[in-house]
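Right, one structure below, let's go through it.
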Amino acid sequence: MIKLIIFDLDGTLLNTIDDLADSCNHVLAAHGLPAHETGKYNYFVGNGIRKLIERAIPAEHRTPENIQAIYDDFMDYYQQHSADKTAPYEGITETLEKLDTMGIKVAVASNKAQVAMAPLLSHYFPTVRWAAAYGQREGVPTKPAPQIVYDILETAGVKKEEALYIGDTGTDMETAANAGLYKIGAAWGFRTREELTANGADVIIDKAEELIDVLRRYSC
């Protein structure tokens, strides 16, 4: 019986791409570096903010000093502008509410820095009771390393056989596989169905509401 569903954040619960892109482009411009089209950020994100910064900086300027300076400026700016354009995906809030009525716990596993993630959850999902919500933390390897999932399972008091994982990227599918969880691909997110399939998604859904049907089928 499924007792817990673990969600990725960016591209799964929240459409954060515009605020991430705007913030990064603002900081790049401040450092005299070229900006990028928003669509490119769909492939810059997914492995933590530091990796986002590395990918956004032109290769010839990708020194440790530049990466650190732009990372620091990004974190300062993004924390003030992370909710300018961000919003939950259609049907997400209703699906979370439905899961609560079904007695299913929900959790978040994100590569977004913990300090940036927590305010977004409080702002956009003020009534959701998260069993655990972990972002990138000092000393903990980022996804696709499975440690974040292990920490969530321990905090929630749930076995891996009682949990499902849903995310929108190949990194998410790898994370779930590494932790031994059933892998649900969210096709509404930042990446393609082809990427989700290539990285072993057990099922791919197009709407958040379909998660309830997957849950029922998996539990039968």
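Read-outs throughout are calculated quantities, based only on the coordinates presented, and are distinct from any laboratory measurement. Note that this is a predicted model, so its numbers are computed, not measured. Cβ coordinates were reconstructed from backbone atoms using ideal geometry, including for glycine residues, and neighbour counts include every protein chain displayed.
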* Structure fact -> With Cα coordinates, the longest principal axis of the chain makes an angle with the long axis of helix 147-156, in degrees rounded to 10, of 50
* Förster radius 25 Å - calculated FRET efficiency between Lys98 and Thr38 (Cβ-Cβ, nearest 0.05) -> 0.20
* Asked: If you take every DSSP beta bridge whose two residues both sit in the chain, what share of them, in percent to the nearest 5, is antiparallel?
  -> 10
* Using Cα pairs under 8 angstrom and six or more residues apart, how large is the relative contact order of the chain, in percent? -> 26
* Structure fact -> Everything considered on the Cα gyration tensor (a ≥ b ≥ c; rounded for a/c under 1.5, else prolate if a/b is larger than b/c, else oblate), the range 17-81 must be described as rounded
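Quick check: from the Cα gyration tensor, does the range 113-170 come out rounded (a/c under 1.5), prolate or oblate?
Working: a/c = 1.58, a/b = 1.19, b/c = 1.33.
Cα axes put the range 113-170 in the oblate bin.
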* Angle between the Cα long axis of helix 17-30 and the longest principal axis of the chain, 0 to 90 degrees, nearest 10? -> 20
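Give the calculated FRET efficiency between Asn178 and Glu154 to the nearest 0.05, with a Förster radius of 22 Å applied to their Cβ-Cβ distance.
Computed FRET efficiency for Asn178 and Glu154: 0.85.
What does the helix-only formula give at 222 nm for the chain: each DSSP H stretch with n ≥ 4 adding -39500 (n - 2.57), the total divided by the residues, and the result rounded to the nearest 500 deg cm²/dmol? Each step should come with its number before you reach the end.
Values: 10 runs with 101 residues, N = 220.
Computed mean residue ellipticity for the chain: -13500 deg cm²/dmol.
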* Fully extended contour minus Cα-Cα distance, from Lys85 to His123, at 0.36 nm per residue -> 12.4 nm
* Structure fact -> Computed over the chain: longest principal axis from alpha-carbon atoms vs helix 64-81 long axis, angle to nearest 10 degrees, is 60
* Asked: What is the Cα centroid distance between the range 1-24 and the range 31-70, reported in whole angstrom?
  -> 20
* Structure fact -> Sorted on mean Cβ neighbours within 10 Å (highest first), peptides 118-130, 82-94 come out as 82-94, 118-130
* To do: May I ask for the distance between the Cα centers of the range 101-133 and the range 169-196, given as a whole number of Å?
  => 19
* To do: Straight distance only, please: which lysines reach the Cα of Lys183 with their own Cα at less than 23 Å, same-chain residues fewer than 8 apart left out?
  => Lys3, Lys98, Lys105, Lys112, Lys143, Lys159, Lys160, Lys207
